[in-house]
Amino acid sequence: MQKKIPMRMCAGCHENKPKKELIRVVRSPEGEISLDLKGKKPGRGAYLCPSVNCLTLARKKRSLERSFSCQIQPEIYEVMLHVLSEIDRNS
């Protein structure tokens with residue numbers, strides 16, 4: 001029997017992809033929002049493709065803000081954009 005692959009939806013492009021291909025964005029119990037590259041941080045999670053385009057789409061649609069039921073400061077988006085552009089550059 002084949003093992004089931006967990007699928008998640010990207011908050012930007014809304015494509016279902018294997019969980020391992022996506023990056024988790026997490027809102028910690030304290031309300032802090034950050035990228036969770038290992039997928040182990042505690043808190044509410046949403047997923048993004050590892051591309052700047054998907055983060056830009058998610059920001060425009062406010063899909064991360066809806067997922068976490070809170071406002072996300074522009075500085076947080078800038079940090080996430082920087083990290084994702086580094087990942088984009090290295091792949």
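Here are some notes:
- Likely footprinting exposure, CYS10, CYS49, fewest C-beta neighbours within 10 Å first: CYS49, CYS10
- Modelled FRET efficiency - R0 35 Å, ILE5 with CYS70, Cβ distances, 0.05 increments: 0.70
- C-alpha long axis of helix 74-90 to longest principal axis of the chain, angle in °: 40
- Taking other C-beta atoms within 10 Å as the exposure proxy, ILE87, ILE23 rank ILE87, ILE23 from fewest upward.
- Among CYS70, CYS54, the ranking by other beta carbons within 10 Å of each residue's beta carbon, starting with the fewest, stands as CYS70, CYS54.
- About the Cα centre, charge dipole magnitude for the chain (Lys/Arg +1, Asp/Glu -1 at Cβ), debye: 540
- When the Cα positions of PRO18, MET1, TYR47 are compared along the charge dipole of the chain, MET1 comes out farthest toward the positive end, with charges on each C-beta of Lys, Arg, Asp and Glu.
- Within the stretch 1-81, the trypsin sites (Lys or Arg not before Pro) that combine a DSSP coil assignment with at most 15 other C-beta atoms in a 10 angstrom radius are LYS3, LYS4, LYS38, LYS40, ARG62.
- Here's the picture: a label point sits 7 Å out from the Cα of SER85 along the beta-carbon direction, and within the stretch 54-76 nothing has its amide nitrogen under 11 Å of it.
Just so you know, all these numbers are worked out from the coordinates, no wet-lab data involved. What you see is a predicted model; the values in this text were computed from it and never measured. Glycine gets a Cβ as well: all are built from the backbone with ideal geometry, and neighbour counts include every protein chain shown.
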